[in-house]
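Let me begin by presenting the structure, written as structure tokens, before commenting on it.
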Amino acid sequence: MFGVYHPMYVLALQQYVIFSNEFRRDEFGVEVARVALDIAEKMYGQHGLQVAECHKLLAEALMANEVIHNEEYSQQAHTAFRMAMDHLPGQHPKLSLFRITLVRSLITKGDNSPEETKMSSYVWAEKEVTMAMNDFGTLFGGLSIPSAQVLNLHGTVMARLDKIEESEKALNDAAVKLKLCQQLKSSPLMNQARAVLGMFLVEIDKPMQGIGFLKQAIENTETPDVYIAWVNESYEGLVDALISVGNNKQAHEYKTKWIEWKNDNLPLQENRWIDLNREPEPWEKFMEDFQLWIKRVNKIKGGLKKLSMMEKTVQIKNSKPQAVDFAQIVAAK
């Protein structure tokens, strides 16, 4: 529709990378991120906010796919942040998103560095995540989804620095704030925060508390036929924690649920360029499928309404007072 060298095509590739980082985490996502960066550089030159966004997404794709052997993820995150600083004012919310990617890259670098050098990455990460917290607090307020998310990241950094009490408080506060901001029990952000808190509590020898949060995260998260990495990790962490406290019965129960979940939520099929670049379905075909979907939804709604009316009828019948048979009462006397 637009051609390869068009801003909308670059945007479409970026959106695919975001999706891939969350639900796929495969080499094709990294490849798409590289192509998006290559096209953006040809369109905008070596410097520009659009190019910085592509560097940022490539860094995130490399970390999501655990391509960390050559530290390219770190170089891409630093390049993205430096370029963004040239185009965005200090407290711009978008700059904070670039800073968060930088923090994640510093955590990853620290996790994969020798003992004598890893702390320098964590200290730098603490400085940057604190700045992001202050910026989000000023822009959105302390009780907001962005502030809660960066508070969760702050707790992760504190854990790396062995500041256990600060880390536990930050992770717990983040989970509470996300619960207040998102009332639905199935909120993925809230439940992911619970999972992070649960795993942390298990690691610091508070397994019973951690088990509770992991159970909440798993049981309240809806994954309609979609594999989500953090849910899989939560199941694994929960089973191991239950075994560690000697609760083998529940460990077996959740291991069975885990296997069932993996069977019901298989990883998505591999994508190819032919899939991304194929022509969209004609409008007529889309409307035909949409109308069919509407009919199915209305049919389901009708069935549910009919079932609800039947239940109400049964309740009314059961609630009616029984008629008194005075003849039987007299005979009994």
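The values are calculated or read from the model by the stated rules, or taken from the named source; none is laboratory data. The model shown is predicted, which means the values in this text are computed figures rather than measured ones. Note that we place each Cβ from the backbone using ideal geometry, even for glycine, and neighbour counts take in every protein chain shown. Just so you know, the surface numbers come from the protein's heavy atoms only, side chains and all, with ligands and any DNA or RNA stripped out. Shrake-Rupley method; radii C 1.70, N 1.55, O 1.52, S 1.80 Å.
Just checking, how many residues over region 49-73 are more than 20 Å from the chain's Cα centre (by Cα), among the polar types (S, T, N, Q) and over 17 Å from LEU95 (Cα atoms)?
Number satisfying all stated conditions: 1.
Looking at region 119-166 only, could you name the residues that are small (Gly, Ala, Ser), more than 19 Å from ILE204 (Cα to Cα) and either without any contact (Cβ under 8 Å) to a residue 24 or more places away in the chain or assigned to a helix (DSSP H, G or I) (or both)?
Once the filter is applied, which keeps residues that are small (Gly, Ala, Ser), more than 19 Å from ILE204 (Cα to Cα) and either without any contact (Cβ under 8 Å) to a residue 24 or more places away in the chain or assigned to a helix (DSSP H, G or I) (or both), region 119-166 yields SER120, SER121, ALA125, ALA132, GLY137, GLY141, SER147, ALA148.
Restricting attention to region 166-184, does a residue exist that is among the small types (Gly, Ala, Ser) and touching an Asp or Glu at 6+ places or on another chain (Cβ under 8 Å)?
no
Quick one: count up the residues across region 21-40 that are open to solvent by 50 Å² or more (accessible area, probe 1.4 Å) and either assigned to a helix (DSSP H, G or I) or at pLDDT 95 or above (or both).
6
Among the residues that make up region 247-262, is at least one of them open to solvent by less than 80 Å² (accessible area, probe 1.4 Å), of a type in the set (Gly, Ala, Ser), farther than 20 Å from ASN191 by Cα and in a helix (DSSP H, G or I)?
Within region 247-262, one or more residues are open to solvent by less than 80 Å² (accessible area, probe 1.4 Å), of a type in the set (Gly, Ala, Ser), farther than 20 Å from ASN191 by Cα and in a helix (DSSP H, G or I).
Would you confirm, using the coordinates I've provided, whether PHE213 is in contact (Cβ under 8 Å) with a residue 24 or more places away in the chain and under 24 Å from PHE98 (Cα atoms)?
So PHE213 fails the test.
Within region 228-239, does at least one residue satisfy the condition of being at pLDDT 85 or above, open to solvent by 90 Å² or more (accessible area, probe 1.4 Å) and part of a helix (DSSP H, G or I)?
Yes, region 228-239 contains at least one residue that is at pLDDT 85 or above, open to solvent by 90 Å² or more (accessible area, probe 1.4 Å) and part of a helix (DSSP H, G or I).
Suppose we filter region 176-193 for residues that are part of a helix (DSSP H, G or I), open to solvent by 10 Å² or more (accessible area, probe 1.4 Å) and either within 19 Å of SER234 (Cα to Cα) or free of Cβ contacts under 8 Å to residues at least 24 places away in the same chain (or both); how many remain?
5
Name the residue that is nearest to LYS163 (Cα to Cα), counting only residues in region 87-122 that are surrounded by fewer than 19 Cβ atoms within 10 Å (Cβ to Cβ) and touching a Gly at 6+ places or on another chain (Cβ under 9 Å).
It comes out as MET119.
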